[in-house]
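Here the structure comes first, spelled out in structure tokens, and everything after it is commentary.
Values quoted throughout were computed directly from the atomic coordinates according to the rules given, and no laboratory measurement underlies them. Computed from a prediction, not measured in an experiment: that's the story for all the values here. Cβ placement follows ideal geometry from the backbone for every residue including glycine, while neighbour counts extend to all protein chains displayed.
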Amino acid sequence: MLIRNYLICSIFCLFLCNCKSENNYKNRYTLEKSDESIVINLNSNSTNKSVCIQYLLANDSNYLAILRNKYRAIELFNLDSKKLSRVTEIKKEGPNAFSTSYGFVLKNIDTMYVIGVSPQEVGVFTGNGEITRRIPYGKDSYGRRVNPSLSGLGSRPIIYGDSLFLVPAVTAGESSGIFNSSNQEHSSVSISINLNTFESRASTLKVPQEFIGKDITGINVWREIGNKNCFIYSFSLSDELFITYDHINFKKIPIETNYKFQLREDLSKYSSRGFNAAMEYIFSKDEVINILYDKFRSCYYIVVNKRISNFPKEVDYRLYGVYPSFFIIILDKNFKHEGEVYFPEDLYNCKMMFITKEGLYISEDNINNPSFNEDIMRFRLFTLEKL
């Protein structure tokens, strides 16, 4: 009997250890808050929030470019002098008029690519707002249809080699939000535009077939270029990363984390119940909202919009969208778990962050932050530290 009980106990303990090991990653690194910050005074036409920013090192100076949708402009700040260097206006009228933009990318200080949605075109802008070329992308050079590009935040346009890469939208409106094989046929994960020949090509790599049959209403696609120039994709209905080196095949990798994701499944059902019901459902679920590759430290920062369990009686859902609760999962260059960092609510804006050789800068301009000031823009430095 003693031996029997011992065996049962041993098997039970082994079972617990195996279960625990599946979801008990050790934190080897963290992001440590530094005393260093960047503070920039703003003028009356600027705001300290945006969903599309870009850090640029040029001529031995550090710059931050920020899209201001409200004022239809892209502002370029010198982070060393902490002053506004230039404002590039996106004009509404005249020969340089351009449609509303949700994204841009600077090739250098004097050349930027601005993404228009209606019409679907890329504008090649000079710093003073002159458009030197317009590149349509509604269809590629082979006549293949491309959905309007989503180019804010984690799906921002990227220049790699001689090409500009855009992330097209993923839609299934004609099938009531249910993604089917016909939708997939027109759902390339990227479109590339050769910046020398201006030939455009829709990728033959499609949205993964795992999503066929699922309600993809409100799906977001985030994308980054990482170690060994791989492209990393995240689809907001999945807790996995999709990696490609050739834009022909995906390698699927689960996001290693101790956190238990709860993801959206059927937003269309809640959308039919009205705005508030849809918003409460969205924010009661988790979502990866950005992927950043830190080339200086060879690691990834996976930014997660953390779900809200209890909503107050009086709630402004817009604020949840602009200033979500978040945490960051740190993965090494091989996508192995290195740490998880949970940030306090109402202090930071996780939609405005960038990486320099010093570390990760995160905006402190959260409207609920007691020290919030709309006349300044602040970024706090976080450094990657081994535990």
Please provide three numbers in whole Å: the alpha-carbon extents of the range 201-294 along the principal axes, with the largest listed first.
45, 32, 18
On a C-alpha basis, how far is the centre of the range 142-156 from the centre of the range 35-76 in Å? Whole number, if you could?
24 Å
Taking +1 at the Cβ of each Lys and Arg and -1 at the Cβ of each Asp and Glu, which of Tyr142, Ile253, Ile131 sits farthest along the dipole of the chain towards its positive end, judged by Cα position relative to the Cα centre?
Tyr142
In this structure, among Lys33/Lys357; Lys83/Lys333; Lys83/Lys357; Lys91/Lys295; Lys214/Lys306; Lys26/Lys306, pairs with alpha-carbon gaps over 26 Å are Lys83/Lys333; Lys91/Lys295
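Using only helices, what value at 222 nm comes out for the chain when you add -39,500 (n - 2.57) per DSSP H run of length 4 or more and divide by the total residues, to the nearest 500 deg cm²/dmol? Mind dumping the intermediate values first?
On the way: 5 runs with 45 residues, N = 387.
After summing the helix terms and dividing by residue count, I get -3500 deg cm²/dmol.
If we count every other residue with Cβ under 9 angstrom of Thr257's Cβ, Lys/Arg +1 and Asp/Glu -1, where does the sum land?
Details: positive: Lys260; negative: Asp239, Glu256, Glu340.
With Lys, Arg at +1 and Asp, Glu at -1, the net is -2.
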The range 172-198 and the range 279-300 have their Cα centres apart by a whole-number Å value of 23 Å
Qualifying aspartates and glutamates (Cα of each under 14 Å from Cα of Lys107; at least 8 residues distant if same chain)
Asp162
Share of Cα-Cα pairs in the range 208-252 lying beyond 11 Å, as whole percent
68 percent
Cβ-placed point charges (K, R +1; D, E -1), dipole of the range 127-258 about Cα centre in debye, nearest 20:
280 debye
Go through the range 290-302 residue by residue and turn each phi into a ³J(HN,Hα) via Karplus (6.51, -1.76, 1.60, θ = phi - 60°); whole Hz please, and just put x for glycine and proline.
5, 10, 10, 9, 8, 5, 6, 10, 6, 8, 10, 10, 9
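Tell me the relative contact order for the chain as a rounded percent, counting alpha carbon contacts under 8 Å between residues six or more apart.
On the way: 840 pairs, mean separation 62.1, N = 387.
Worked out over the chain, it gives 16 percent.
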Counted charge near Ile243, where neighbours are those whose Cβ lies closer than 9 Å (Asp, Glu -1; Lys, Arg +1)
+2
Relative compactness, the chain, computed as alpha-carbon Rg over 2.2 N^0.38 Å:
1.05
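If you take the Cα Rg of the range 240-305 and divide it by 2.2 N^0.38 Å, with N the number of residues, what do you get? Could the numbers behind the result be given before it?
Numbers: Rg = 15.7 Å, N = 66, 2.2 N^0.38 = 10.8 Å.
This ratio for the range 240-305 stands at 1.45.
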Loop-only GluC sites (Glu not before Pro) in the range 197-227, please: DSSP not H, G, I, E or B, and at most 14 other Cβ atoms within 10 Å.
Glu199
Any residue on another chain or 5+ positions along whose placed amide H is under 5 Å from the amide H of Asn290 is listed here as Val303
What per residue convex hull volume, in Å³, comes out for the range 277-383 when only alpha-carbon positions are used?
107 Å³
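For the chain, with only Lys/Arg (+1) and Asp/Glu (-1) charged at the beta-carbon, what is the dipole magnitude about the Cα centre, in debye rounded to 20? Walk me through the numbers on the way to the answer.
Working: 46 positive and 43 negative charges, 95 e Å.
That gives the chain a dipole magnitude of about 460 debye.
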Would you mind working out the magnitude of the charge dipole of the range 56-210 relative to its Cα centre, with +1 at each Lys and Arg C-beta and -1 at each Asp and Glu C-beta, to the nearest 20 Debye?
300 debye
Counting DSSP beta bridges with both ends in the range 74-205, the antiparallel % (nearest 5):
95 percent
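Rounded to a whole number, what is D in µm²/s for the range 45-130 from Stokes-Einstein with the Kirkwood radius over alpha-carbon pairs (20 °C, 1.002 mPa s)?
Working: Rh = 13.0 Å.
Rounded, D is 165 µm²/s.
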